[in-house]
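Following: one structure in structure tokens, then a few remarks.
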């Protein structure tokens, strides 16, 4: 993190972190704070999986003072799928900052105005304007904001401010009973992957890998991405085929055939970070989706090696790969003298799995991000090079009754 990589361009949520050979470095984000107002205070596994998890050591000692004291991986067995009602016309989007803070205060204002111009309302959690270097304030406060938005009857959608860093700190502090009892569309990408994985495992809620608030008003974020987002938040039909990238319509394929299974995944770096935690990502009998940014081939090689060594790739049904943005060897400040290409790495690790694989979809940190539901049934077909969402991601029932208007967002 030798230089900020998040600005008002289509990549404003790109985790805010560059990696050196040892891992991540800090950005040195601008500090300061402004008080905000808004939100009020306040499955089944396969038998061999159950046996493996039941033998897992108690990790409570690793989580002192946290809500998950004494929790083992078994406590995060995947729950039955639940779906949230759609965003109603004139509905309210609740926004919390679970990861990094904003760069410029106008990013929040732009996002709020974008929604208001289209008849929606925005409710900002109290900590949205908090900044503590590269995280948006205290981890417990960030977790409380997320939980409170799920509990808030005025809020119809829970959207993260942006990605960056810090969501993994929030995971053990969330109240998953509140989230399960108040299902709402939950959306964010990049660092928010940690929350997608944990919420699915603990509650079964279908979540959405999509734009954060700072993307909604970003001048360089194309309206097409925002149209995709609104459709995903409002449609009770299956979202269908993931389109090709408008800027690069090529979709690559490895292997042959097709597979239908639940779709699970997110940012590869964050998926790897879940290993060894009580909310460790479960990839048996699913289609694995991943993307990343500033992840050169040697880093992707290492992450896929670790997932393989952890037994996570042995039973995947297919692999859907989004854009690996700014990840070519030539994009790195200090590239290695010799390097495999990214496609070489994919072929080396994934082709032996014998499953259908497609890559270069508009999913990730690049110019376009199609809002992708996670936890629903999808079909991947390497012969025709498609990924299709077969199942509706939102409940067909009517949205919750409207309550008193949400408090106006603070800018």
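When each of 298, 269 is scored by the number of other beta-carbon atoms lying within 10 Å, the sequence from fewest to most is 298, 269.
Let me have the relative contact order for segment 240-389, percent, based on Cα pairs under 8 Å that are six or more residues apart.
Reported relative contact order: 38 percent.
Taking R0 as 25 Å, what's the FRET efficiency between residue 109 and residue 231 from their Cβ-Cβ distance, rounded to 0.05?
Calculated transfer efficiency: 0.50.
The Rg/Rh ratio of segment 92-234, with both radii computed over alpha carbons and Rh defined as the Kirkwood radius, is 0.93.
What is the order of 273, 343, 314, fewest Cβ neighbours within 10 Å to most?
So the ranking, lowest neighbour count to highest, is 314, 343, 273.
Extension gain, residue 248 to residue 396: 0.36 nm times the residue separation minus the Cα-Cα distance gives 49.9 nm.
Among 184, 367, 220, sorting on how many other beta-carbon atoms sit within 10 Å of each Cβ, with the fewest leading, yields 220, 367, 184. Between residue 220 and residue 116, the modelled label-to-label distance comes to 2.6 nm, taking each label 7 Å out from Cα in the direction of the beta carbon. Note that segment 240-389 carries a Kirkwood radius of 15.3 Å, evaluated over its alpha carbons pair by pair.
No lab work stands behind these numbers, since they all come straight from the coordinates. The model shown is predicted, which means the values in this text are computed figures rather than measured ones. Every residue, glycine as well, gets a Cβ built from its backbone with ideal geometry; the counts of neighbours run over all protein chains shown.
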